[in-house]
Amino acid sequence: MDNYIKGQIDIINQKIKEMNALYHIAAGKSGIADGEVCIWSALLNSDEEYTQQDLCEMLSLPKQTVNSLISGMVKKGFVSLEHMPGTRNRKVIHLSEEGIVYGKSRVMWIFEAERKAMENTDPQEVQACISMLEKYIANLKREFSNG
């Protein structure tokens, strides 16, 4: 493999790990699990309704992880599950009032930090980064499926 290409792959992978480490630190400051930050983000920052399956797909998290996190949130009274009509066992996740208060007090600062960081980043660079990652991921999926 060409040293330049290998170097580029290493840099991309290192930057992804660096970003994941930042979210790990933020989750720790909030006293919650890393994956739970992602779930709070989806539930607090969107008016859409999500099922556990939706969250698995959207967040690229294993089903067991999402089920475990949601079960914990149900036990704490932060969310409730409502059967989705017309389905066998899909349930929509609803934040409780207590969940909204808890989420806003514990994790909203993370999403505000993300917003501020993005506001301080050149929009063209952001779009170029998104475009590159989309293409790289599509190519990587294709190569992995060929392998």
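The values are calculated or read from the model by the stated rules, or taken from the named source; none is laboratory data. Since the model is a prediction, treat every value here as computed from it, not as a measurement. Please note: Cβ atoms are built from the backbone with ideal geometry, for glycine as well, and neighbour counts cover all protein chains shown. Heavy atoms of the whole protein, side chains included, go into the accessibility calculation; ligands, DNA and RNA do not. Shrake-Rupley method; radii C 1.70, N 1.55, O 1.52, S 1.80 Å.
Between the amide H of Tyr50 and those of Ile93, distances stay under 5 Å, these residues lying 5 or more places away or on another chain, with hydrogens modeled in the peptide plane. Contact order, relative form, for region 11-147: 19 percent (alpha carbon pairs under 8 Å, 6 or more residues apart, mean separation divided by residue count). Solvent exposure of the chain amounts to 71 Å² per residue of accessible area, where only protein heavy atoms count and the probe is 1.4 Å. Seen from Ile93, the other residues with C-beta closer than 10 Å to its C-beta sum to a net charge of -2, counting Lys and Arg as +1 and Asp and Glu as -1. Could you calculate the FRET efficiency of Glu18 with Gln124 from 1/(1 + (r/R0)^6), where r is the beta carbon distance between them and R0 is 30 Å, rounded to 0.05? Efficiency computed from Cβ-Cβ geometry: 0.85. All alpha carbon pair distances within the chain were sorted into 5 Å bins beginning at 0; the resulting P(r) in whole percents reads 2, 8, 13, 18, 18, 14, 12, 9, 4, 2, 1, 0. For region 132-147, putting each phi into the Karplus relation 6.51 cos²θ - 1.76 cosθ + 1.60 with θ = phi - 60° gives couplings of 4, 5, 4, 5, 4, 5, 4, 5, 5, 4, 4, 5, 5, 6, 7, x Hz, in residue order, rounded to whole numbers and with x for Gly and Pro. Here is how the number arises for the chain: DSSP H runs of 4 or more residues each give -39500 (n - 2.57), the sum is divided by the residue count, and the result at 222 nm is -23500 deg cm²/dmol. Computed from phi, the 3J(HN,Hα) profile of region 10-17 under the Karplus parametrisation 6.51, -1.76, 1.60 (θ = phi - 60°) reads 4, 5, 4, 4, 5, 5, 5, 5 Hz, with x in place of Gly and Pro.
Cross-linked pairs Lys116/Lys141; Lys17/Lys91; Lys17/Lys76; Lys6/Lys116; Lys17/Lys141; Lys29/Lys91: Cα-Cα separations exceed 21 Å for Lys116/Lys141; Lys17/Lys91; Lys17/Lys76; Lys6/Lys116; Lys29/Lys91.
Surface composition of the chain: carbon plus sulfur atoms contribute 56% of the solvent-accessible area (1.4 Å probe, protein chains only, all chains present). Remark: region 111-122, residue by residue, has Karplus-estimated 3J(HN,Hα) of 6, 5, 5, 4, 4, 5, 4, 5, 5, 8, 10, 4 Hz, where x stands for each Gly or Pro and the curve is 6.51 cos²θ - 1.76 cosθ + 1.60 at θ = phi - 60°.
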